[in-house]
2 protein chains.
Amino acid sequence: MSEPGLDRLSLNQATIQSWDMRATIDGCARAGIGWIGLWRDKLAALGARDTARHLAATGVRPSSLCRGGFFPAATTEERARRIDDNRRAIDEAAEVGAPVLVLVSGPPADRDLDTARRQVEEGICAVLPYAAERGVRLAIEPLHPMFAGDRSVVVTLAQANAMAERIGSPTIGVAVDVYHVWWDPVVYAEIARAGERIVGFHVSDWLAPPPDHLLGRGVMGDGLIEVRRLRQAVDAAGYAGPIEVEIFNQRVWDMPPEDVLVLVRERYLAYC
Amino acid sequence: MSEPGLDRLSLNQATIQSWDMRATIDGCARAGIGWIGLWRDKLAALGARDTARHLAATGVRPSSLCRGGFFPAATTEERARRIDDNRRAIDEAAEVGAPVLVLVSGPPADRDLDTARRQVEEGICAVLPYAAERGVRLAIEPLHPMFAGDRSVVVTLAQANAMAERIGSPTIGVAVDVYHVWWDPVVYAEIARAGERIVGFHVSDWLAPPPDHLLGRGVMGDGLIEVRRLRQAVDAAGYAGPIEVEIFNQRVWDMPPEDVLVLVRERYLAYC
């Protein structure tokens with residue numbers, strides 16, 4: 001297996017911060033990128049209806065909506081509010097035709113990781129019927145363990161797989177992001193285990209040491225991740241969907257967006 | 001189980017950078033801290049013989065020597081040099097009476113993590129007979145996955161346990177550092193699995209988000225880690241040895257060392 005087809009390339013909107021929703025969709029269309037990974041803040045700015053219209057007009061399709069999740073909280077009331085917000089995110093995904101809502105689980109409310117992890121699973125179970133009804137799949141995305149304290153108590157693919165297996169619904173899946181899982185000694189076994197549950201695949205690269213906690217991701221080829229090997233493993237597990245390029249990096253954000261699109265396409269073909 | 005006895009408190013020398021070897025040993029003696037975790041650079045500055053003498057004169061005992069490891073390299077020659085350096089580290093540990101040499105495995109030489117991990121295991125096997133002969137146990141220390149690219153391809157306790165089991169010698173053990181393992185959903189199962197193989201236990205805390213990639217560790221009680229729960233798990237697994245306080249943090253390094261010793265002792269009693 002060599003390079004993946006260009007028809008699987010998706011631009012996750014987080015890669016280009018300076019463009020609004022319309023500009024990003026237009027940029028994808030001009031660059032021949034058929035997919036886009038949407039973010040809720042940009043979707044809110046344009047509105048779901050106009051986003052859906054602009055997508056339809058250009059032929060660019062949404063691969064996913066980022067993000068739901070953030071379930072753990074100190075009080076019952078706050079957890080209920082988070083669940084409501086996830087229902088709104090499901091509505092938005094359905095309205096724009098995004099087949100998948102990516103879930104970033106959220107950090108613990110205190111030192112009690114076990115409780116936080118239970119609250120994530122309870123939160124997912126609470127919104128699952130609504131997601132099924134609206135035809136939106138939920139993707140548990142394990143984040144790199146360096147985000148365990150501030151973004152996600154789900155930190156390994158094994159953990160996400162176990163949670164998805166317990167929940168046991170076709171509506172629940174996992175998202176594999178190479179930046180978050182590349183270090184894991186059992187990542188290939190867990191990708192195989194995930195199989196048809198894989199509903200998203202995200203690429204970037206690991207710069208060593210990371211230049212920033214949050215904005216330290218590299219462009220594919222600039223770092224240490226065996227991106228192609230991971231992509232081939234995900235394909236072998238049964239995934240044939242879009243491949244989202246998602247790069248949080250101030251240097252990339254500071255580049256002219258058109259140049260970012262050229263770079264993303266080149267590196268996608270060379271390394272994915 | 002409540003607080004551990006003060007007789008198990010060890011000051012890892014990395015916590016106080018401004019003191020040389022003599023000053024740190026004297027500081028421990030004055031503060032009633034009976035153990036010290038030594039570093040090779042400070043040991044080299046004073047010399048192994050004088051370090052051993054000063055330890056004997058004050059009654060402070062070395063809990064470990066940091067660090068060997070760094071096995072993966074691009075060429076056979078360089079890997080042989082690393083192995084030689086590990087033999088020297090074993091000599092130094094034996095000369096000062098440190099029962100344990102902590103191994104930080106080292107980063108990969110390129111994108112090939114599997115090869116790097118094999119080279120770590122080969123490197124350990126190469127120096128193991130020498131360590132056994134000199135009466136020094138080797139501790140594989142899994143580092144937090146955020147160091148996979150620049151410091152250690154061994155990133156989980158499961159991986160360290162599996163490696164130690166394959167090597168299968170009483171000379172090989174593992175070191176559990178709460179900063180490196182706290183996020184792991186299977187950490188308690190892996191601590192139980194490690195059992196008598198645990199030859200070191202290190203404490204600090206996780207600040208969220210970490211203020212720095214390398215120097216972002218907190219003092220116990222300032223962050224998210226369930227330090228006492230982890231210590232009790234390690235004790236339950238059979239570990240009864242020294243508890244090393246190892247805090248890489250510029251703010252701590254900038255404090256008057258005597259104040260650091262007071263803080264370390266207080267927080268050790270309150271949170272360990």
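The values are calculated or read from the model by the stated rules, or taken from the named source; none is laboratory data. Source: prediction; values computed, not measured. Note that we place each Cβ from the backbone using ideal geometry, even for glycine, and neighbour counts take in every protein chain shown.
Among (1) of a type in the set (A, V, I, L, M); (2) under 19 Å from the mean Cα position of the chain (by Cα); (3) crowded, with 16+ Cβ neighbours inside 10 Å, which single condition is A:Ala44 missing?
Of everything listed in (1) of a type in the set (A, V, I, L, M); (2) under 19 Å from the mean Cα position of the chain (by Cα); (3) crowded, with 16+ Cβ neighbours inside 10 Å, A:Ala44 misses just condition (3).
Could you grab me the full set of residues in region A:71-97 that are within 18 Å of the chain's Cα centre (by Cα) and polar (S, T, N, Q)?
Of everything in region A:71-97, just one residue is within 18 Å of the chain's Cα centre (by Cα) and polar (S, T, N, Q), namely A:Asn86.
Going by what's in this entry, would A:Glu196 be described as within 17 Å of A:Ala139 (Cα to Cα) and either touching a His at 6+ places or on another chain (Cβ under 8 Å) or at pLDDT below 95 (or both)?
Numbers: within 17 Å of A:Ala139 (Cα to Cα): yes; either touching a His at 6+ places or on another chain (Cβ under 8 Å) or at pLDDT below 95 (or both): no.
The answer is no for A:Glu196.
Criterion first (of a type in the set (D, E, K, R) and touching a Pro at 6+ places or on another chain (Cβ under 7 Å)) does B:Arg197 satisfy it? I'd like the intermediate steps shown before the answer.
Details: of a type in the set (D, E, K, R): yes; touching a Pro at 6+ places or on another chain (Cβ under 7 Å): no.
No, not satisfied.
Which one of B:Ala148, B:Ala132, B:Ala139 is among the aliphatic types (A, V, I, L, M) and within 21 Å of A:Pro209 (Cβ to Cβ)? Walk me through how you get there before you give the answer.
Numbers: B:Ala132 fails: within 21 Å of A:Pro209 (Cβ to Cβ); B:Ala139 fails: within 21 Å of A:Pro209 (Cβ to Cβ).
Only one candidate passes the filter, namely B:Ala148.
Hey, among A:Arg217, A:Arg197, which residue is crowded, with 23+ Cβ neighbours inside 10 Å, among the basic types (Lys, Arg) and without any contact (Cβ under 8 Å) to a residue 60 or more places away in the chain?
A:Arg217
Looking at region B:112-126, which of the residues that are over 20 Å from the mean Cα position of the chain (by Cα), within 11 Å of another protein chain (Cβ to nearest Cβ) and crowded, with 17+ Cβ neighbours inside 10 Å is farthest from B:Met163 (Cα to Cα)?
Applying the filter and picking the extreme gives B:Leu113.
I'd like the residue in region A:219-257 that is closer than 20 Å to A:Leu38 by Cβ and outside any loop (DSSP other than H, G, I, E, B) and, out of all such residues, is farthest from the chain's Cα centre (by Cα).
Step one: list which residues in region A:219-257 are closer than 20 Å to A:Leu38 by Cβ, which gives A:239, A:241-249, A:252-253, A:257.
The next check asks that each one be outside any loop (DSSP other than H, G, I, E, B); those that pass are A:243-245, A:249, A:252-253, A:257.
Numbers: A:Ile243: 10, A:Glu244: 8, A:Val245: 9, A:Asn249: 16, A:Val252: 18, A:Trp253: 18, A:Pro257: 21 Å.
Ranking the candidates gives A:Pro257 first.
Among the residues of region A:5-23, is there at least one that is acidic (Asp, Glu) and either under 21 Å from A:Gly69 (Cα atoms) or touching a strand residue (DSSP E or B) at 6+ places or on another chain (Cβ under 8 Å) (or both)?
Checked against the condition, which is being acidic (Asp, Glu) and either under 21 Å from A:Gly69 (Cα atoms) or touching a strand residue (DSSP E or B) at 6+ places or on another chain (Cβ under 8 Å) (or both), region A:5-23 yields no hits at all.
Conditions tested, residue by residue: (1) free of Cβ contacts under 8 Å to residues at least 24 places away in the same chain; (2) in a strand (DSSP E or B); (3) crowded, with 23+ Cβ neighbours inside 10 Å.
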| position | (1), (2), (3) |
| --- | --- |
| B:Ser2 | yes, no, no |
| B:Asp7 | no, no, no |
| B:Ser10 | no, yes, yes |
| B:Trp19 | no, no, no |
| B:Pro62 | no, yes, yes |
| B:Arg81 | yes, no, no |
| B:Ile90 | no, no, yes |
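Look at region A:184-237 and say how many of its residues are over 17 Å from A:Tyr271 (Cα atoms) and facing another protein chain (nearest Cβ under 10 Å).
So the count comes out to 13.
Determine, yes or no, whether B:Leu230 is surrounded by 17 or more Cβ atoms within 10 Å (Cβ to Cβ) and out of contact with any strand residue (DSSP E or B) (no Cβ under 9 Å at 6 or more places or on another chain).
When the stated conditions are applied, B:Leu230 does not pass them.
Go through B:Ile167, B:Ile191 for me and flag whichever is surrounded by fewer than 24 Cβ atoms within 10 Å (Cβ to Cβ) and within 26 Å of B:Gly123 (Cα to Cα).
Result of the check over B:Ile167, B:Ile191: B:Ile167.
Of all residues being surrounded by fewer than 21 Cβ atoms within 10 Å (Cβ to Cβ) and touching a residue at least 40 places away in the same chain (Cβ under 8 Å) in region A:49-60, which is nearest to A:Gly97 (Cα to Cα)? Just the residue, please.
Among those that are surrounded by fewer than 21 Cβ atoms within 10 Å (Cβ to Cβ) and touching a residue at least 40 places away in the same chain (Cβ under 8 Å), it is A:Ala52.
Of the residues that make up region A:26-41, is at least one in a helix (DSSP H, G or I), at pLDDT 95 or above and closer than 30 Å to A:Glu196 by Cβ?
Yes; the residues of region A:26-41 include at least one that is in a helix (DSSP H, G or I), at pLDDT 95 or above and closer than 30 Å to A:Glu196 by Cβ.
Residues that are aromatic (Phe, Trp, Tyr), more than 30 Å from A:Gly5 (Cα to Cα) and under 17 Å from the mean Cα position of the chain (by Cα): does region A:142-156 have at least one?
Step one: filter region A:142-156 for residues aromatic (Phe, Trp, Tyr), giving A:147.
Of the ones still in play, those that are also more than 30 Å from A:Gly5 (Cα to Cα) are A:147.
Keeping just the survivors that are under 17 Å from the mean Cα position of the chain (by Cα) gives A:147.
Yes - at least one qualifying residue is present in region A:142-156.
What number goes with the only condition from (1) surrounded by fewer than 21 Cβ atoms within 10 Å (Cβ to Cβ); (2) under 20 Å from B:Gln232 (Cβ atoms) that B:Gly173 does not pass?
Every condition holds for B:Gly173 apart from (1).
Do the conditions hold for B:Ser152, that is, is it of a type outside the set (Asp, Glu) and over 22 Å from A:Val181 (Cα atoms)?
no
Mind listing whichever residues of region B:127-147 are of a type in the set (A, V, I, L, M) and away from every other protein chain (no Cβ under 14 Å)?
Of everything in region B:127-147, those that are of a type in the set (A, V, I, L, M) and away from every other protein chain (no Cβ under 14 Å) turn out to be B:Val127, B:Leu128, B:Ala131, B:Ala132, B:Val136, B:Leu138, B:Ala139.
For region A:94-204, which fully contained helices (runs of 4 or more DSSP H) count at least 1 residues that are in contact with a Phe, Trp or Tyr (Cβ under 9 Å, 6 or more places away or on another chain)?
Helices (runs of 4 or more DSSP H) meeting the threshold: A:113-134, A:178-181, A:187-194.
In the list B:Tyr239, B:Tyr271, which residue meets the criterion of being over 15 Å from B:Ser2 (Cα atoms) and hydroxyl-bearing (Ser, Thr, Tyr)?
Unique residue meeting the criteria: B:Tyr239.
Output the residue which, of all residues in region A:148-161 that are surrounded by fewer than 24 Cβ atoms within 10 Å (Cβ to Cβ) and under 17 Å from B:Val155 (Cα atoms), is nearest to the other protein chains (Cβ to nearest Cβ).
Selected residue: A:Gln159.
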